[in-house]
Structures are given as C-alpha cells and as structure tokens.
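The values are calculated or read from the model by the stated rules, or taken from the named source; none is laboratory data. Only a predicted model underlies this, so the values are computations on that prediction, with no experimental measurement involved. As a convention, Cβ positions derive from the backbone with ideal geometry for all residues, glycine included, and neighbour counts pool all protein chains shown.
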Ligand SMILES: NC(=O)c1ccc[n+]([C@@H]2O[C@H](COP(=O)([O-])OP(=O)(O)OC[C@H]3O[C@@H](n4cnc5c(N)ncnc54)[C@H](OP(=O)(O)O)[C@@H]3O)[C@@H](O)[C@H]2O)c1
C-alpha cells in the first residue's frame with residue numbers, strides 16, 4: 001500500500017484509511033466478532049490509519065462503542081503490527097436519544113478524552129480531532145482545553161473536523177493543528193470549489209479548504225468519500241462519468257472515486273467507511289490506480 005505523510009507530522013500512514021463508523025452506527029452494524037474481523041482485515045490489507053470517534057455508537061448509552069471495538073481488535077494483534085496502526089479519534093459530539101448534538105465545553109472535552117483513552121486502551125491518542133465547532137463555546141476554550149491535554153501527554157497530534165478556512169485560521173493561531181477532516185466526495189465538492197478569500201457562508205462552510213490544507217501543509221481527510229453509507233453502493237448508477245471510467249478500466253466505481261480524491265493533492269487521505277471485508281479489499285486497490293490527465297479532467301466537471 002502506498003503511504004502518505006500526515007500533514008507536517010512526519011508520520012506515514014496508508015494512502016487509504018479505514019472509516020470505522022459503519023461498524024457502530026444503526027442499520028446493519030455487524031456483530032462484535034465480525035466487526036473485529038473487519039478491522040483485522042483492514043490492517044492485513046495494509047491500512048495503517050483508522051478513523052473513529054467517541055460518538056460512533058447507537059446513542060449515549062454506549063458512547064465509545066467504536067473506539068472499544070478498535071481497542072479490542074488492536075490488542076489482539078502482536079505489538080509489532082499494532083504499533084504500526086495510527087488511530088484518529090474525535091470528541092465534541094454527544095448522542096442523546098440518537099441525536100448528534102455538540103458539546104465543546106472544556107469540561108466535556110476533558111472527560112471525553114479520558115474516556116477515549118480508556119476505550120482505546122492507550123496512554124496517548126495518536127490524533128484527537130475536535131469533531132465540530134460548538135457555537136455555544138468560544139473556540140479558544142475548546143482548543144485551549146485540547147492543547148492542555150496535549151501538553152499533559154494524552155494527545156500526540158491535534159486535528160479538527162468540519163472547519164472552514166476562517167475557523168482554520170483562528171484554530172491555527174491557538175494550537176498546532178495537523179489535519180482537517182471535512183466532507184468531500186463526488187456529491188459534496190465544496191472544499192475544492194473556490195479558493196479561500198470568499199465571504200464566509202453559513203456553517204458548514206468548507207469552501208476552499210482543499211487548497212488551504214495544501215498551502216499550510218495540513219492533512220485533509222475527506223469524510224464520506226463514497227457519498228456516505230446510504231449511497232456508496234450506487235455510485236456506479238448515480239455518477240455516469242465514474243461508471244464509464246470504471247467500466248473502461250475494469251475497476252469498481254468506488255476505486256475510481258478514491259483514486260480521484262487521491263489525485264486532488266498529496267495531503268489528501270480518504271477514509272472510506274466499511275462494515276464488510278470485501279469493501280476494504282476493493283477500496284485499497286485505489287491506492288495503485290493512477291488516473292490519466294484526460295480521466296481527471298472528465299471527473300473535474302461538476
Ligand atoms: N467528521 C465527521 O463529521 C464525519 C462524518 C461522517 C463520517 N466520518 C468518517 O468518515 C468515514 C467514511 O464516511 P462514511 O462511512 O459515512 O461514508 P462512505 O465512506 O462514503 O461510505 C461508506 C460505505 O461505503 C461502502 N463501501 C466502502 N468501500 C466500498 C467499495 N469498495 N465498494 C462498495 N462499497 C464500499 C461501505 O459498505 P459496507 O458497509 O457494506 O462495507 C460503507 O457502508 C466514516 O466511517 C467516519 O470515520 C466523519
């Protein structure tokens with residue numbers, strides 16, 4: 001598997017990561033032993049970046065479900081393989097009655113980080129991402145708390161998610177931010193649309209964040225890179241350009257989309273979600289799929 005450097009950290013991770021959310025959210029989530037097999041399979045396929053969050057669970061009665069699965073799966077591996085895996089988690093969302101609410105208060109983030117350490121079974125979290133800005137809490141308070149946790153050795157690197165360019169400017173003045181995780185896929189192309197400098201739009205305004213991350217050497221982790229859990233399978237029927245290229249190349253539409261994302265810049269590291277081993281076996285092949293200039297130009301049209 002090809003590797004990419006995670007922002008300015010110097011840490012190399014697989015060019016295709018694993019989004020672990022489908023192993024824990026409602027609708028067809030697998031049983032625990034199967035979920036652990038899926039995680040082991042991803043690592044056997046060469047994946048060394050796993051994305052999770054404390055909020056990937058059914059509701060707040062089982063916060064940390066996804067992190068516990070990953071922690072358990074990793075503990076079953078020999079240290080030599082386990083140590084190669086870089087786990088990125090997130091805090092700042094809560095799941096009362098299955099809702100996705102925000103809590104960016106220092107009190108919550110401190111407790112959430114401690115719970116994530118325990119759920120993952122580690123002393124230090126590789127990458128802790130502030131999941132989504134809580135408008136009720138000044139960003140300086142939320143990031144100030146995460147910076148303190150980093151200084152205490154509980155977090156190795158800090159990242160953010162669902163951030164626009166103005167938020168990123170502010171965040172980078174407050175903490176050493178190494179990565180941004182924003183939605184980016186064939187159906188959601190705001191990050192690439194126009195360069196930064198446009199007037200801010202209502203949240204979530206992620207316009208221009210792709211160019212921004214390249215300029216400032218931040219890793220860009222596209223979330224829902226295959227159009228999301230409900231639409232990933234139908235890419236071959238909903239996107240004619242992707243379907244045509246996939247047929248011509250003899251690869252899956254999902255591989256074409258992931259290869260297109262990888263071609264958007266060396267900072268881009270897609271994290272396709274998966275609850276089946278076959279999805280992972282297919283997606284990792286995208287790391288070796290080099291699209292031609294003509295193919296990329298066909299895919300660039302919106
Ligand atoms: N930061 C945020 O706010 C945020 C929000 C949403 C998601 N995320 C992260 O981003 C990750 C990815 O997003 P996502 O899971 O929502 O959506 P996604 O990656 O666009 O789609 C996931 C679905 O794609 C299917 N799939 C994956 N590879 C495939 C392949 N090669 N062929 C056919 N189907 C394939 C999987 O099916 P099977 O389940 O059948 O394997 C899975 O259900 C999440 O897991 C999570 O880690 C972050």
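Selection of helices (runs of 4 or more DSSP H) fully inside the range 58-173 by the criterion of at least 3 residues being closer than 28 Å to residue 184 by Cβ returns 65-75, 106-120, 139-151.
Taking the range 22-34 as the range and being under 18 Å from the mean Cα position of the chain (by Cα) and at pLDDT 95 or above as the test, the residues that pass are 22, 23, 24.
Could you identify the single residue in 278, 252 that is surrounded by fewer than 18 Cβ atoms within 10 Å (Cβ to Cβ), within 11 Å of the ligand (Cβ to nearest atom) and more than 17 Å from the chain's Cα centre (by Cα)?
Values: 252 fails: surrounded by fewer than 18 Cβ atoms within 10 Å (Cβ to Cβ).
Result: 278 is the single residue among 278, 252 that is surrounded by fewer than 18 Cβ atoms within 10 Å (Cβ to Cβ), within 11 Å of the ligand (Cβ to nearest atom) and more than 17 Å from the chain's Cα centre (by Cα).
Taking the range 16-32 as the range and being away from the ligand (no atom under 11 Å from the Cβ) and closer than 14 Å to residue 70 by Cβ as the test, only 32 passes. Residues in the range 75-107 that are more than 30 Å from residue 138 (Cα to Cα) and either within 16 Å of the ligand (Cβ to nearest atom) or free of Cβ contacts under 8 Å to residues at least 24 places away in the same chain (or both): 78, 79, 80, 82, 83, 85. Applying the set (1) within 13 Å of the ligand (Cβ to nearest atom); (2) in a helix (DSSP H, G or I) to residue 230 leaves exactly one unmet item: (2).
Results for (1) more than 22 Å from residue 86 (Cα to Cα); (2) touching a helix residue (DSSP H, G or I) at 6+ places or on another chain (Cβ under 8 Å); (3) within 11 Å of the ligand (Cβ to nearest atom), shown as yes or no for each residue.
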{"residue": "215", "(1), (2), (3)": "yes, no, no"}
{"residue": "237", "(1), (2), (3)": "yes, yes, no"}
{"residue": "258", "(1), (2), (3)": "no, yes, yes"}
{"residue": "273", "(1), (2), (3)": "no, yes, yes"}
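When residue 223 is tested against (1) at pLDDT below 95; (2) near the ligand (Cβ under 9 Å from one of its atoms), just one condition goes unmet, and that condition is (1). Of the residues making up the range 286-294, at least one is under 30 Å from residue 31 (Cβ atoms) and either modelled with pLDDT under 95 or within 16 Å of the ligand (Cβ to nearest atom) (or both). Report whether or not residue 222 is under 16 Å from the mean Cα position of the chain (by Cα) and either surrounded by 15 or more Cβ atoms within 10 Å (Cβ to Cβ) or closer than 24 Å to residue 69 by Cβ (or both). When the stated conditions are applied, residue 222 passes them. Quick check: anything in the range 40-56 without any contact (Cβ under 8 Å) to a residue 40 or more places away in the chain and over 22 Å from residue 112 (Cβ atoms)? Yes; the residues of the range 40-56 include at least one that is without any contact (Cβ under 8 Å) to a residue 40 or more places away in the chain and over 22 Å from residue 112 (Cβ atoms).
Please state which one of 182, 162 is at positive phi and within 15 Å of the ligand (Cβ to nearest atom). Let's see the steps before the verdict.
Working: 182 fails: at positive phi.
Selected residue: 162, the only one of 182, 162 that is at positive phi and within 15 Å of the ligand (Cβ to nearest atom).
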